[in-house]
């Protein structure tokens, strides 16, 4: 009789369902996973070390590149940490803009997630729908910051610029006539807020479309239901946050429980799951998109009626405007100091956390009073979730590994940092 | 200080007593320091005492304090800083524990208290070089296979010591000493304490 033993399978780092550069060593007994050992760090860029040699403001664009699917939320945590150390007030309009873009980011992230998760599990159509709506939202990113992904829009003390009055429009070309592009430009004829208002009105219907495709789909349910169950006790032990924790039935959302910016002034609900399986996490994320859309709508309404400054007027933190800089001695000095030496952050330490689309994204900074951080630690939600991979996949079939990676919503920019 | 933070401080003092080396409240956050000898027991109490109820460990990181404030360091160099969160009580806590020996920094592992700390301790070992006895799988995690040194220590250069390239003659990937010079565009400056204060503007 031949000797039977488990065999080891190397999954990734170039596997399309590995969501980036995950390498996983799987020990299989037949088709059942006995042990999973994720090897991470293939995308390690030492962001935290680099930040120690850059001035405070220079690290803002690095934050975009952490979780490159929810760019502005990363910046948010970083800017909040600096603001907490500096004890500066952010103007109320900037706070609303931040909430607005946090929620846009959440929708962006969840849309990408549902599209890619669909691809992993076998629902090919989803990604096409999801990217159609993502296009509108990255256009909103582009309108405020000039970049579709790596925005660097949030700055310590507020946001870089106020919302624009006009949206970019599609141009006539060899391939698209004026008549063909007219319907595309209809929603773009007004300001960014008009565009987002139109989007918020359209979006619930589109979400219904996605749900028609997936929620009661037999194949989808066969692949997701009862796969990767995490009990609430285990979820706490493993440090889960965000949709992973809520999927296990614990109603914990920083936006409600420890509100930052103006989350205590907007109205929304927190969805929670029942069994803690992949399907529940899917449902939680779908509902979160609906709730985010509600918040977007409320922010748009508020922003329409309340103009005001979007950046702190403390010139030790935020640069003065161009005109003042060119005509006043004092502003000129501030500008020069900020642009050469950068701001000085008083000695101390702060931890600021935001409810990132993937969970709790935290920035822990230690400042010794210099113009650069002494130590920066990025608490990435995906890192913690992936560390529970072994526990979640044990005893499942090989094909379920893909489902579980998908339902954890991992992005390697933030895990490897 | 809000009523909630006061309650937290009081509960901490009651539950931990002498084991509390220091308790500081700054910027709305509570920081405690404990001795390495008490570390594991304190963490256990923090999780299990119903008045504290820190069910979740959010983060743990190693810190190298050797160049703090641009002045020579007195006292231990390495510390592990953890952030705890209580879902039931809705409060947070920062726990700092200095490793006693600078040449071989070592702190007991808290993996038995919170499983989520597993990868954080591996990371602190990998990047800072703190060893966690009691951890059953203390391998490097973020750096390359076969990496030498602990890159987040302050005496490790940002550009590292070795670089990797493909060598056409040997037809394989080789490591060689770095060819780039480290440069500092904006110097690091520590000003007097009131310099960056917002209300000083």
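We did not get these values from a lab; they are worked out from the coordinates using the rules stated. What you see is a predicted model, and the numbers here were worked out from it, not measured in a lab. Counting neighbours? That spans all protein chains shown, and the Cβs are built from the backbone with ideal geometry, glycine included.
Averaged over peptide A:38-51, the number of partner chain Cβ atoms lying within 10 Å of each residue's Cβ comes to 4.
Its relative contact order, with pairs defined as Cα atoms under 8 Å and 6+ residues apart, puts the stretch A:284-417 at 13 percent. Quickly work out the residue A:5-to-residue B:103 label distance, labels modelled 7 Å from Cα along the C-beta direction, and quote it in nm with one decimal. For residue B:103 paired with residue A:5, the spin-label model returns 4.2 nm. Just how many % of Cα pairs in the stretch A:38-194 lie over 20 Å apart, if you round to the nearest whole percent? Counting pairs separated by more than 20 Å, the tail of P(r) holds 59 percent. Taking the longest Cα principal axis of chain B as reference, the axis of helix B:117-127 is set at about 40 degrees. With kT/(6 pi eta Rh) evaluated at 37 °C and eta = 0.692 mPa s, and Rh the Kirkwood radius from Cα pairs, the stretch A:197-249 diffuses with a coefficient of 244 µm²/s according to Stokes-Einstein. Taking A:220, A:175, A:113 in turn, the Gaussian network model of chain A (Cα-Cα springs below 10 Å) assigns the largest fluctuation to A:175. In terms of its alpha-carbon gyration tensor, the stretch A:247-296 comes out oblate; a/c meets the 1.5 threshold, while b/c is at least as large as a/b.
Overall size of chain A from C-alpha positions, given as principal axis extents largest first: 90, 58, 43 Å.
FRET efficiency for residue A:265 and residue A:148, Cβ-Cβ distance as r, R0 = 35 Å, nearest 0.05? The value I calculate is 0.75. Using the rule -39500 (n - 2.57) for each DSSP H run of four or more residues, divided by the residues of chain A, the 222 nm mean residue ellipticity is -15000 deg cm²/dmol. Of the residues A:100, A:111, A:128, the one that moves most in a GNM of chain A with alpha-carbon contacts below 10 Å is A:128. Peptides B:113-120, B:24-31 ranked from most to least packed by the mean count of surrounding Cβ atoms within 10 Å: B:113-120, B:24-31.
Which whole number gives the average count of other chain Cβ atoms within 10 Å of the Cβ atoms across peptide A:376-386? Let's see the in-between values first.
On the way: counts 1, 11, 2, 6, 1, 1, 0, 7, 9, 1, 1.
That works out to 4 on average.
In deg cm²/dmol, rounded to 500, what helix-only [θ] at 222 nm does chain B give when every DSSP H run of at least 4 residues adds -39500 (n - 2.57) and the total is split over its residues? Display every interim value, and only then the final one.
On the way: 3 runs with 35 residues, N = 201.
Taking each H run of at least 4 residues, the total per residue is -5500 deg cm²/dmol.
Spatial offset of the stretch A:312-363 relative to the stretch B:87-117 amounts to 32 Å, using the alpha carbon center of each. Note on the stretch A:235-381: Cα convex hull, mean projected area over all directions, 11.5 nm².
Take the Cβ atoms of residue B:48 and residue B:136, set R0 to 22 Å, and the FRET efficiency comes out at 0.50.
Helix A:126-145 axis versus longest C-alpha principal axis of chain A: approximately 20°, rounded to the nearest ten.
For residue B:161 and residue B:33, the FRET efficiency from 1/(1 + (r/R0)^6), where r spans their Cβ atoms and R0 equals 25 Å, is about 0.15. Going by alpha carbons, how many degrees (0 to 90, nearest 10) lie between the helix axis of B:3-16 and the longest principal axis of chain B? That helix lies at roughly 80 degrees to the long axis. Its alpha carbons considered, the stretch A:1-119 gives a radius of gyration followed by a Dmax of 20.7, 76 Å. The mean number of partner chain beta-carbon atoms within 10 angstrom of a residue's beta-carbon across peptide B:114-124 is 5.
Quick one: Cα centre-to-centre distance for the stretch A:207-250 and the stretch A:74-152, in angstrom? So the two Cα centres are separated by 22 Å. If you run the Gaussian network model on chain A, springs between alpha carbon atoms under 10 Å, then out of A:199, A:101, A:336 the most flexible one is A:336.
Measuring nothing but how far apart in sequence close Cα pairs (under 8 Å, 6+ apart) lie, relative to its length, chain A scores a relative contact order of 26 percent.
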